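Contents: one structure, followed by commentary.
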Amino acid sequence: VRGYDLVVADVPRVARDPVAEETLSRSLLAVLLVPERVQAVAAARHVLARVHERCSTVVAVSVAASGGTGPAAVGDVLAVPVVARLRRERGIGQAVEAGRGPGGSRRWRRGARSVLDVLGLEPAVGP
């Protein structure tokens, strides 16, 4: 059996997936990525109820939206801490798909560091 300090899993939001449920039940922390839009926050509330069934510690990372609700409203409605706020950045999706990750973005690195702080982990130092 191999062990790791950190495993990141992107689990489905909607379907009752046995693998997703098992993954959540083995997790120390679940992070919801929530766009700062009324509809997205309402949808996240439903997802949160399912996540809380499997994982007791849940935090949110809000994604800024022009004219959106703001991170405080996300935290208030979901009743979970918002540990970071990200902005959409062009090129992040392409970088991740190409295997480079979001390392070129200071904002995204700070957001990731905030999540690691919740777990008490230090960011990896490397090339």
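The values are calculated or read from the model by the stated rules, or taken from the named source; none is laboratory data. Please read all numbers here as calculations on a predicted model, not as lab measurements. All Cβ positions, even for glycine, are placed from backbone atoms using ideal geometry, and neighbour counts span all protein chains on display. Accessible surface is based on the protein model in full, side chains and every heavy atom, while ligands, DNA and RNA are left aside. Shrake-Rupley method; radii C 1.70, N 1.55, O 1.52, S 1.80 Å.
Look at Gly93 and say whether it is among the small types (Gly, Ala, Ser) and either in contact (Cβ under 8 Å) with a residue 24 or more places away in the chain or closer than 24 Å to Arg26 by Cα (or both). Criteria not met by Gly93.
Per this entry, Ala30 is counted among residues that are of a type in the set (Gly, Ala, Ser), buried (at least 17 other Cβ atoms within 10 Å of the Cβ), under 18 Å from Val118 (Cα atoms) and free of Cβ contacts under 8 Å to residues at least 40 places away in the same chain. Scan region 41-67 residue by residue and report those that are open to solvent by 30 Å² or more (accessible area, probe 1.4 Å) and closer than 24 Å to Glu89 by Cβ. The answer is Ala43, Ser66, Gly67. Within the set Val7, Val31, Val80, Val61, the sole residue that is in a loop (DSSP other than H, G, I, E, B), modelled with pLDDT of 90 or more, under 25 Å from Leu121 (Cα atoms) and among the aliphatic types (A, V, I, L, M) turns out to be Val80.
Residues of region 38-56 include at least one that is small (Gly, Ala, Ser) and at pLDDT below 90.
(1) touching a strand residue (DSSP E or B) at 6+ places or on another chain (Cβ under 7 Å); (2) at pLDDT 90 or above: which one isn't true of Val115, the others all being true? Checking Val115 against (1) touching a strand residue (DSSP E or B) at 6+ places or on another chain (Cβ under 7 Å); (2) at pLDDT 90 or above, the one that fails is (2).
Please tell me if Arg113 is open to solvent by 40 Å² or more (accessible area, probe 1.4 Å), assigned to a helix (DSSP H, G or I) and not hydroxyl-bearing (Ser, Thr, Tyr). Judged against the criteria, Arg113 is a match.
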